[in-house]
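Enquirer: Sharing a structure with you now.
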Amino acid sequence: MPKSRLEAFSDGVYAIALTLLVIGLHVPESSDRLLEELTDEWPSLLGYLVSFAFIGGSWFVHTNLTRLLATADSAFAQLNLLLLLFVTFLPFTTGVLAAHLTGSGQRLAVVLFGANLTLAEAMLGVLSTYVARNPDLVHQAGPELRGFAKVRWAFTTLLVLSTVAGWFVPQFAVGFYLVVSALILIQPIRLLERRSRLAHQRNRRKPPIERQ
């Protein structure tokens, strides 16, 4: 299938998921109790920050992965749909987290949210592994793809551990979700910066072309 259609569809779904997150935030109505009502909204704001960082990082990783593709087959497209399923489910689990983070359903809300994050990140690992094992899909196969997949599975493991911890220390686990999501967002940016720096250094080392 045309890679451009898969990328355009995925970008649209990611953008809608991010938009739904902010729609879920409640705007205080009372001017007299504005500060108090804003303070009461901290679970919603925390959930928004975690989900925004995660979805943004997931989109960045997805963009880097599809950049390596020469084409996409039906299996990749179906796996990609599963990834988008878990991404689009995040506004719902974020809302559940925000509504029950300070109530009796705290543990279940935190674990449900963590499971959603874990499954979305795991699907990025599955996609990366699939591409690494099918070199005919990429422009040039190499160690970059295998390293890409290893990083995704490492983040999945961190999210699994934090989700388990969420049953015992829910609020600590939410903070850990935020840290992992921020790392998922920052890691590919740092990778691109390092790659650009190395390319610049290689170009400086090349001897100038002598004119005939």
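The values are calculated or read from the model by the stated rules, or taken from the named source; none is laboratory data. This is a predicted model, so every value here is computed, not measured. Glycine gets a Cβ as well: all are built from the backbone with ideal geometry, and neighbour counts include every protein chain shown. Heavy atoms of the whole protein, side chains included, go into the accessibility calculation; ligands, DNA and RNA do not. Shrake-Rupley method; radii C 1.70, N 1.55, O 1.52, S 1.80 Å.
Enquirer: Could you work out [θ]222 nm for the chain from helices alone, using -39500 (n - 2.57) per DSSP H run of at least four and dividing by all its residues? Round to the nearest 500 deg cm²/dmol.
Expert: Numbers: 7 runs with 168 residues, N = 212.
Dividing the helical sum by the residues of the chain leaves -28000 deg cm²/dmol.
Enquirer: As a test of reading the structure, rank ASP136, ASP73 by solvent-accessible area (1.4 Å probe, protein chains only), most first.
Expert: Numbers: ASP136 115, ASP73 45 Å².
So, going from the largest accessible area down, we get ASP136, ASP73.
Enquirer: Another one. For a quick size check, give me the Cα extents of the chain along its three principal axes, largest first, whole Å.
Expert: 79, 39, 32
Enquirer: Just to compare against my own numbers: the Cα pair-distance distribution for the stretch 60-124, 10 Å bins, whole % per bin, please.
Expert: 21, 40, 24, 13, 3
Enquirer: Also: Taking the solvent-accessible surface of protein heavy atoms with a 1.4 Å probe, what is the per residue accessible area of the chain in Å²? Write out the running numbers ahead of the final one.
Expert: On the way: 12180 Å² over 212 residues.
Ligands and nucleic acids excluded, the result is 57 Å² per residue.
Enquirer: Taking only Cα atoms, what is the 0 to 90° angle, nearest 10, from helix 106-132's long axis to the longest principal axis of the chain?
Expert: The angle comes out at about 10 degrees.
Enquirer: Compute the label zone of LYS3 within the stretch 64-88: residues whose backbone N is under 13 Å from the point 7 Å along Cα-to-Cβ.
Expert: 64-73
Enquirer: Quick one: pull the percentage of alpha-carbon pairs in the stretch 74-179 with a separation above 19 Å. Mind dumping the intermediate values first?
Expert: Values: 2731 of 5565 pairs.
Value for the stretch 74-179 (Cα pairs over 19 Å): 49 percent.
Enquirer: Moving on to the next point. Mean separation of Cα pairs under 8 Å and 6+ residues apart, divided by the residue count of the stretch 1-91: what relative contact order is that in percent?
Expert: On the way: 47 pairs, mean separation 51.7, N = 91.
Over the stretch 1-91, the number comes to 57 percent.
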